[in-house]
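Please read the structure below before turning to the comments.
The values are calculated or read from the model by the stated rules, or taken from the named source; none is laboratory data. Just so you know, these numbers come straight off a predicted model, no measurement behind them. Note that we place each Cβ from the backbone using ideal geometry, even for glycine, and neighbour counts take in every protein chain shown.
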2 protein chains.
Amino acid sequence: EDVKKQRAIKTSDPYSTEPERHPALHINNLKPFNAEPPPELLSDSFITPSAIFFKRNHLPVPQVDAASYQLHIEGLPGGVLTLSLEELKTRFPKHTITATLQCAGNRRSEMNKVKQVKGLNWGIAAISNATWGGARLRDVLLAAGYSPDVAQRAFHVQFEGLDKDVTGTTYGASIPLNKAVNEEGDVLLAYEMNGQDIPPDHGYPVRAVVPGTVGARNVKWLGKIIVSAEESSSHWQQNDYKGFAPGTDWDTVDFKSAPAIQELPIQSAITVPTDGAVVDRSSEEVTVKGYAWSGGGREVVRVDVSLDGGKTWQVAQMRSSEKGQAPGPSPPPGRAWAWKLWEVTAPLPAEAQELEIVCKAVDNSYNMQPDTVPPIWNLRGVLSNAWHRVKVEIREDDNEE
Amino acid sequence: EDVKKQRAIKTSDPYSTEPERHPALHINNLKPFNAEPPPELLSDSFITPSAIFFKRNHLPVPQVDAASYQLHIEGLPGGVLTLSLEELKTRFPKHTITATLQCAGNRRSEMNKVKQVKGLNWGIAAISNATWGGARLRDVLLAAGYSPDVAQRAFHVQFEGLDKDVTGTTYGASIPLNKAVNEEGDVLLAYEMNGQDIPPDHGYPVRAVVPGTVGARNVKWLGKIIVSAEESSSHWQQNDYKGFAPGTDWDTVDFKSAPAIQELPIQSAITVPTDGAVVDRSSEEVTVKGYAWSGGGREVVRVDVSLDGGKTWQVAQMRSSEKGQAPGPSPPPGRAWAWKLWEVTAPLPAEAQELEIVCKAVDNSYNMQPDTVPPIWNLRGVLSNAWHRVKVEIREDDNEE
Ligand SMILES: [Mo]
Ligand SMILES: [Mo]
């Protein structure tokens, strides 16, 4: 009897079949699972290992059987196209890109310090970089009957996930059609992450990878693709993941007045040292590390680092490959999908007892990060990309003469 | 004798045949001619009249005879293609776009207040909006033998002007090939400005219009187009019009370390009232006007205005057409080439004796302007896009009881 009851309870919990997770992750929410890696691990590797890649689930992880998996493509002259995983892998050339994904709520905790916002309290690590392999969405849409005249009546490509809530509502989002069909858009129906099958937390067996675009549009456990005159009608497209002015509150907000977030703005953060760290005077210098990335395929061209709260700046060294490896060829303009890691080693200022370390990045459209949080504060706590600041204490050596 | 001598002097002055200019222009430099309209005129019309459109000449205005004008297109498999003005007008469909051009040095004067920079001391009006008509560069390159395999070896399209210095060096610049050939790039070889022949100051008879891209690449008096593996070798491409960190000075600057400016970042400024204006308390409210624009075809989605130096913000009303006219259809994503004009009317704060009015804009990649000038200061004074601030005095009515 008890065993039966337990099993019944267990089966009625939609979270009973969640995958195991890496113990190093900082968990922001358990059900649905949302977690980020420790910052200092992020800047250790140019390609984030899948196990510590940030997890951002809106709903329970669905259990999808690869053998019976079907992807439906609708809204094109050819009628509905249905593809098995095998067909997706064999009918279309495999394309590989290295692309950074970032949650719209990355660094939300800094907005929470200004004034409470609604959302998971992400630190600076709701961002990661992976190599993705799969079919180009462009190729699949062409096979399903897409031709340029479709663009006269359809402007969006909607994605529906196989993850659902208790009422059966699935996760959904959409992207502009021109991003999906452009040869330079590089949107993938990915079935590989870092050279392996995509893990359950990241969308097994197939997810959308929309490089340069906010994480929320990179729909996981992809079940359906709909070419449409309309954006996705989902909650997450219409009434969430939009930016507002700092004066807008929950009484006055009109979600129709703002565009759904697609391309993200310029971003950077300091991963090492962490806020509150202590540096010994005897070490004589301090090494600062971090990441920088921009949306829309805009390449990061410079990162400035300050040790004095933003009064003076030095230019960081950047890398776009694993440490010690030569960087690959520069991406074509508008297709810089991967972040850059950066580093500065500087002498400890002689007089200082504390350092306020600050970073800010610049992309190749010369967009810069805003200086401070309050003027970009918004009720949903998204798009938090002000200069990142960490304070470090310098401890004088007691044994010093 | 005297008359002859005078004529000789006059002819040896390469600036002796400059066109007449509108008397309202604020002249920053006479030879070459550089001038901007009064800010309050800018926000009077969505389309800037050509006569007050900002003038930014690097060299004397060349006198070009339209009947004998020739445009040479080089570097493509078909060999050199030469087009007369008539051929440019008749062999290719005329395409019309409304696009804002902005000088890299717009708002440089605000950087000069922080620390002296090198360059013309532009105010906030080195930016204007016009309707341009001409052949698509894409169509002309296709006629000259461009095909996608060219993109395997060539990455740039160079422009050479017919304007030259005393040594015969012409003005030159280049843009990425993919901007030039992309169907959505909208690059024009323009022969019309606001429905008329392009005026001499703006490139008669043919100029490049590269929407979303810094003014300096929109080469006027266009003589030659070269498809090439290399960027333009011109001074203005290689050793000018690049952004650097605030700590970089003329002793340490390495022009090779920064990319040539192409797409410009998010920008906005207040045109009305002007700095130092006086508002009467009896008027009870203040109307603030301005412009907002972003590079790369990113649409401005919001402008925030503060009357208290940035502590509190309200959202401005925007328009994307002449006053009283209904706006045209929204531009397709990534092709918002025209600025928006904006306006706020707000009650005068009861206690204030002075207002610090501030504006900041947001584009549809949610890029924002930086808060302050010093952290974006650079030795060349380009890319000056911090929040714009004007101070206004409130004069209490003396006759008031
Ligand atoms: Mo997200
Ligand atoms: Mo310029």
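Brief remarks on what is shown
- Picking from residues in segment A:227-257 that are surrounded by fewer than 21 Cβ atoms within 10 Å (Cβ to Cβ) and within 23 Å of the chain's Cα centre (by Cα), the one that is nearest to residue A:153 (Cα to Cα) is A:231.
- Filter result for residue B:28 (of a type in the set (S, T, N, Q), in contact with a strand residue (DSSP E or B) (Cβ under 6 Å, 6 or more places away or on another chain), at pLDDT 95 or above and buried (at least 19 other Cβ atoms within 10 Å of the Cβ)): yes
- Residues of segment B:303-322 classified as small (Gly, Ala, Ser) and free of Cβ contacts under 8 Å to residues at least 24 places away in the same chain, total: 0
- Residues within segment B:231-257 that are over 28 Å from residue B:178 (Cβ atoms), touching a residue at least 60 places away in the same chain (Cβ under 8 Å) and more than 9 Å from every other protein chain (Cβ to nearest Cβ), tallied: 3
- Residue B:240 being within 16 Å of ligand 2 (Cβ to nearest atom), more than 20 Å from residue B:96 (Cβ to Cβ) and touching a Pro at 6+ places or on another chain (Cβ under 7 Å): no
- In the set (1) away from every other protein chain (no Cβ under 14 Å); (2) surrounded by fewer than 15 Cβ atoms within 10 Å (Cβ to Cβ), the condition left unmet by residue A:329 is number (1).
- Condition met for residue A:120 (part of a strand (DSSP E or B), closer than 23 Å to residue A:42 by Cα, out of contact with any Leu (no Cβ under 9 Å at 6 or more places or on another chain) and within 16 Å of ligand 1 (Cβ to nearest atom)): no
- Of all residues in segment A:303-323, those satisfying the criterion of being away from every other protein chain (no Cβ under 14 Å) and either farther than 18 Å from residue A:272 by Cβ or touching an Asp or Glu at 6+ places or on another chain (Cβ under 6 Å) (or both) are A:320, A:321.
- Residue match in segment B:345-356 (condition: at pLDDT 95 or above, more than 10 Å from every other protein chain (Cβ to nearest Cβ) and within 22 Å of the chain's Cα centre (by Cα)): no
- Against the numbered list (1) within 14 Å of another protein chain (Cβ to nearest Cβ); (2) crowded, with 22+ Cβ neighbours inside 10 Å; (3) away from ligand 1 (no atom under 16 Å from the Cβ), residue A:188 comes up short only at (1).
- Inside segment B:137-184, residues that are crowded, with 23+ Cβ neighbours inside 10 Å and part of a loop (DSSP other than H, G, I, E, B) make up a count of 1.
- The criterion of at least 3 residues that are more than 30 Å from residue A:247 (Cα to Cα) and of a type in the set (S, T, N, Q) is met, among strands (runs of 3 or more DSSP E) falling completely within segment A:7-115, by A:94-102.
- Screening residue B:271 against (1) polar (S, T, N, Q); (2) more than 30 Å from residue B:188 (Cα to Cα); (3) touching a helix residue (DSSP H, G or I) at 6+ places or on another chain (Cβ under 9 Å) leaves a single unmet condition, (2).
- Flag if residue B:360 is under 20 Å from the mean Cα position of the chain (by Cα) and either surrounded by 21 or more Cβ atoms within 10 Å (Cβ to Cβ) or within 14 Å of chain A (Cβ to nearest Cβ) (or both): yes
- When A:260, A:292 are checked against the criterion of being of a type in the set (Gly, Ala, Ser), at the interface with chain B (Cβ under 10 Å from one of its Cβ atoms), touching a residue at least 12 places away in the same chain (Cβ under 8 Å) and surrounded by 15 or more Cβ atoms within 10 Å (Cβ to Cβ), A:260 stands alone in meeting it.
- Criterion (in contact with a Lys or Arg (Cβ under 8 Å, 6 or more places away or on another chain), more than 14 Å from chain A (Cβ to nearest Cβ) and among the hydrophobic types (A, V, I, L, M, F, W, C)) met by exactly one of B:279, B:300: B:279
- Residues (in contact (Cβ under 8 Å) with a residue 24 or more places away in the chain and over 25 Å from the mean Cα position of the chain (by Cα)) located in segment A:143-175: A:143, A:144, A:145, A:146, A:147, A:150, A:151, A:153, A:154, A:166
- Filter pass, residue A:91 being farther than 25 Å from residue A:51 by Cα and either within 16 Å of ligand 1 (Cβ to nearest atom) or surrounded by fewer than 21 Cβ atoms within 10 Å (Cβ to Cβ) (or both): yes
- Residue B:294 vs. criteria of a type outside the set (A, V, I, L, M) and at pLDDT 95 or above: yes
- Looking only at segment B:94-119, and only at residues there that are closer than 28 Å to residue B:51 by Cβ and more than 14 Å from the chain's Cα centre (by Cα), the one that is nearest to ligand 2 (Cβ to nearest atom): B:119
- Selection of segment A:112-136 for residues being crowded, with 24+ Cβ neighbours inside 10 Å, over 21 Å from residue A:37 (Cβ atoms) and among the hydrophobic types (A, V, I, L, M, F, W, C) yields only A:135.
- A single entry from B:219, B:214 fulfils the requirement of being within 14 Å of the chain's Cα centre (by Cα), within 15 Å of ligand 2 (Cβ to nearest atom) and closer than 21 Å to residue B:142 by Cβ: B:219.
- Criterion violated by residue A:361 - all others in (1) modelled with pLDDT of 95 or more; (2) over 29 Å from residue B:178 (Cβ atoms) satisfied: (2)
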